[in-house]
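The values are calculated or read from the model by the stated rules, or taken from the named source; none is laboratory data. The structure presented is a predicted model; accordingly, all values stated were derived computationally and were not measured. Surface areas here come from the heavy atoms of the whole protein model, side chains and all, with no ligands, DNA or RNA. Shrake-Rupley method; radii C 1.70, N 1.55, O 1.52, S 1.80 Å.
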Amino acid sequence: MAFRHPAEKSGDRGRAGLFERLAELASNFTSSAAFSLLCVALVAGLVVVHVLGLAYEWQHLAGDAISAVALLLLALLKNSEQRAEHAIQRKLDAIAAALLEQQEGKRGEAHEDLKSAIRMEEL
């Protein structure tokens, strides 16, 4: 298994793999109100466990739950950062290629790539 930056992966750039689709769904969920309420409930549970002075096992369980959520969010944040970086790089590459084509006085594949990269048809 090779660990490469998403921008360096070969294949169809327009088609997301299973991991990318799951990461996108997870990103959408973690930015929702439902996830915020879940986090508030976890923190409230931790506070309640400490205030009530429950057994150490309960305190440990509550702390572990919060740690697990924090670790998952960190991994999700890094994935989201790399996807955003890849999208920005693709757009910059398309702009540079289109500018070179325009300077040479021709219009071709680079302009179509630029339209695709910035999704002009969706505007």
Phi to ³J(HN,Hα) by Karplus 6.51 cos²θ - 1.76 cosθ + 1.60 over the range 62-67, Hz, x for Gly, Pro: 5, x, 5, 4, 5, 4
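Averaged per residue, what accessible surface does the range 18-123 expose to a 1.4 Å probe, in Å²?
Accessible area per residue, the range 18-123: 75 Å².
Tell me, what % of the accessible area of the range 29-123 is carbon and sulfur with a 1.4 angstrom probe?
66
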Using 0.36 nm per residue, how much length does the chain from Glu57 to Phe35 gain when fully extended, once their Cα-Cα distance is taken away? 5.4 nm
Once the piece of chain linking Glu81 and Ser116 is laid out straight, how much longer is it, given 0.36 nm per residue of separation minus the C-alpha distance between them? 10.5 nm
Dividing the mean separation of Cα pairs under 8 Å (6+ apart) by the residue count of the range 43-123 yields a relative contact order in percent of 19
